[in-house]
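Since the structure comes first, as structure tokens, the remarks are kept for the end.
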């Protein structure tokens, strides 16, 4: 292989790694529900600095997320803001943090879930207390059942939307005039099924709340 070919391969590999790094940064920012400008401002706050006049930082973050320049200084700030290691940002380590590996294998939880729990442990002591109680043997079955019911209801709504969108596509192909799909309503599932899901959620929520009242010791908060 010639030197030029080797250099070209190295350049392609470098660009690919930077692109993957950019995708990771975008994912982390979106998980935090931050805009690019909001993230830039948090980076400035991390270092106790203020954005320069006329500089909202959008281009800086956009460049990094597109696989362009990411300064070590900004990477350090992002590491703290997102709660991940620099290895994850730059190298795409398997986990946000090395200490997550064993927990992920043990529990099946994702990086995002573990990251959220770690942040809540610092910022919301009451939530962690409640979650611990809900996962104890006396309440866990009811809690998991309720979560399944929420998923069933959500899944029903998603499937309804998917079928509606497919029907609209078919109807338009047959010449039907549908200007705004949001204004189009077609009940592919009977309303009773939706009401049943909501009633089930309501009943299970009350049962879980009653048991939590009985078994949850608020003095431990």
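The values are calculated or read from the model by the stated rules, or taken from the named source; none is laboratory data. Note that this is a predicted model, so its numbers are computed, not measured. Heads up, the Cβs are rebuilt from the backbone with ideal geometry, glycines too, and the neighbour counts pull from every protein chain shown.
Here are some notes:
- Matching residues in region 114-170 - criterion: being without any contact (Cβ under 8 Å) to a residue 40 or more places away in the chain and not in a helix (DSSP H, G or I): 124, 135
- Any hit, region 90-112, residues being within 23 Å of residue 48 (Cβ to Cβ) and assigned to a helix (DSSP H, G or I): no
- For the residues 61, 103, 37, the requirement of being in contact with a helix residue (DSSP H, G or I) (Cβ under 7 Å, 6 or more places away or on another chain), closer than 30 Å to residue 147 by Cβ and not assigned by TED's automatic domain parsing to the domain that holds residue 143 singles out 103.
- Across region 24-42, the number of residues qualifying as under 18 Å from residue 115 (Cβ atoms) and in contact (Cβ under 8 Å) with a residue 12 or more places away in the chain comes to 9.
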